[in-house]
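Only one structure is covered here, and it is reproduced in the block below.
The values are calculated or read from the model by the stated rules, or taken from the named source; none is laboratory data. These figures come from a predicted structure and were not determined experimentally. Glycine also receives a Cβ, built like all others from the backbone with ideal geometry; neighbour counts cover every protein chain displayed.
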Amino acid sequence: MPRPIQNLLVTGGAGFIGVNFIRWLFDQPDAPDRIVNFDTLTYAGNPLSLLDLAEKAGDRYVFIKADICDAAAVKKAIKTYHIDAIAHFAAESHVDRSIVAPDEFVRTNILGTYTLLQAAREAGGQIQLFHHVSTDEVFGALGDTGFFTEDTPYAPNSPYSASKAASDHLVRAYHETYGLPTTLSNCSNNYGPFQFPEKLIPLMILNALEGKPLPIYGDGLNVRDWLFVTDHCAAIWRVMQEAACGSTYNVGGRNELPNLRVVEKICDLVDAKAPPLPDGNPRRSLITFVKDRPGHDRRYAIDCSKIERDLGWRPAETFSSGFERTVDWYLNNSDWCQQVRSGDYQNWIAAHYG
């Protein structure tokens, strides 16, 4: 039987995956009675991405601007809104930023997860499920063959992935030591609407539109598995509703591609859907290879057969369909892109939340 969830706390719900999860979940017939979005609104958090939904959902949607490291704020939210489940998305997630400034990653991803787990534990039996959203980067790098499974040993290679590995271990420990009902998922690279344009795909789409260089690390042959974000949302909800407490699932898109191929596909789609460049050249001419970043894992690939077998989830989007939907969204939502790139959304946050 599906696990009944009435009042759901979503941490990091103003970020890329959190926004898509909340929007997707409100369209489901089994959506919770109330969703509480708990987000501190760092540079990558944009509440404007949910403004239309907030107006339609009424008191079924609540936004709290607060830090997951603030134990008092977390406990108050759990008590005030009778939270019975937590979906934990909140994290610093950009690998490049973690190399330059790892301290925020340690604070948010490790201390923040600990604070949430402790608050859930102290709520007694009120919390029926704590779901932790993690990444395949905790497993390190693969060679030319093979796949990450749920039993792959952890071997993180960046401050970001190390901080996520630590948070995964805390979640497991709280289940094993204290009996906290937890589930955990490790996903491959997400893409889709509302993604902050520091990430590869939105950055390349917007640069291609504007005729700017398209920088690719190294030789461009680093391989990632690409997962359309609403496929990921569906997988998370399936795990939250049906998976046994203490279980872990890998979630992948079965779209294993080198970064260069991804950028070439974006160029071709933008060429087909947008006005040509002033010089008449195809957008592939904008591709520029730059020095590789430190600790850049060569290949990730997810074996998601366990979630397919146990829970019946499969990705709905293919490489072609998902990338076309994504390019179309960025082409059709230029106002959102302008708000994010200019920082105007930060002015809105300051006016509304101080």
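Couple of notes before you dig in:
- Residues of the stretch 326-348 that turn out to be buried (at least 17 other Cβ atoms within 10 Å of the Cβ) and either more than 17 Å from Ala274 (Cβ to Cβ) or of a type in the set (Lys, Arg) (or both), as a count: 3
- For Glu92, the conditions (1) outside any helix (DSSP H, G or I); (2) at pLDDT 95 or above; (3) crowded, with 20+ Cβ neighbours inside 10 Å all hold with the exception of (2).
- Only one of the listed residues (Phe63, Phe21, Phe26) is among the aromatic types (Phe, Trp, Tyr) and touching a Pro at 6+ places or on another chain (Cβ under 7 Å). That residue is Phe63.
- Test: Ile35 is modelled with pLDDT of 95 or more, assigned to a loop (DSSP other than H, G, I, E, B) and over 20 Å from Gly192 (Cα atoms): no
- The lone exception for Ile68 - which of (1) in contact with a helix residue (DSSP H, G or I) (Cβ under 8 Å, 6 or more places away or on another chain); (2) surrounded by fewer than 23 Cβ atoms within 10 Å (Cβ to Cβ); (3) not in a helix (DSSP H, G or I) it fails: (2)
- Residue match in the stretch 322-345 (condition: more than 18 Å from Pro197 (Cα to Cα) and out of contact with any Asp or Glu (no Cβ under 8 Å at 6 or more places or on another chain)): no
Yes/no matrix, rows are residues, columns are (1) in contact with a Phe, Trp or Tyr (Cβ under 8 Å, 6 or more places away or on another chain); (2) of a type outside the set (A, V, I, L, M):
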{"site": "Gly143", "(1), (2)": "no, yes"}
{"site": "Thr149", "(1), (2)": "no, yes"}
{"site": "Thr152", "(1), (2)": "yes, yes"}
{"site": "Asn157", "(1), (2)": "no, yes"}
{"site": "Ser163", "(1), (2)": "yes, yes"}
{"site": "Leu170", "(1), (2)": "yes, no"}
{"site": "Thr177", "(1), (2)": "no, yes"}
{"site": "Cys187", "(1), (2)": "no, yes"}
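- Meeting the requirement of 1 or more residues that are surrounded by 19 or more Cβ atoms within 10 Å (Cβ to Cβ) and within 14 Å of the chain's Cα centre (by Cα), the strands (runs of 3 or more DSSP E) wholly within the stretch 170-259 are 182-187, 189-191, 223-228, 248-251.
- Whenever a residue of the stretch 91-120 is under 18 Å from Gly18 (Cβ atoms), its partners that are assigned to a helix (DSSP H, G or I) and among the charged types (D, E, K, R), lying with C-beta atoms within less than 7 angstrom and at least six residues away or across chains, give the pairs Ala91/Lys164; Glu92/Glu104; Asn109/Lys164.
- Positions within the stretch 307-324 being in a helix (DSSP H, G or I), surrounded by 16 or more Cβ atoms within 10 Å (Cβ to Cβ) and in contact with a strand residue (DSSP E or B) (Cβ under 9 Å, 6 or more places away or on another chain), in sequence order: Ile307, Leu311, Phe319, Gly322, Phe323
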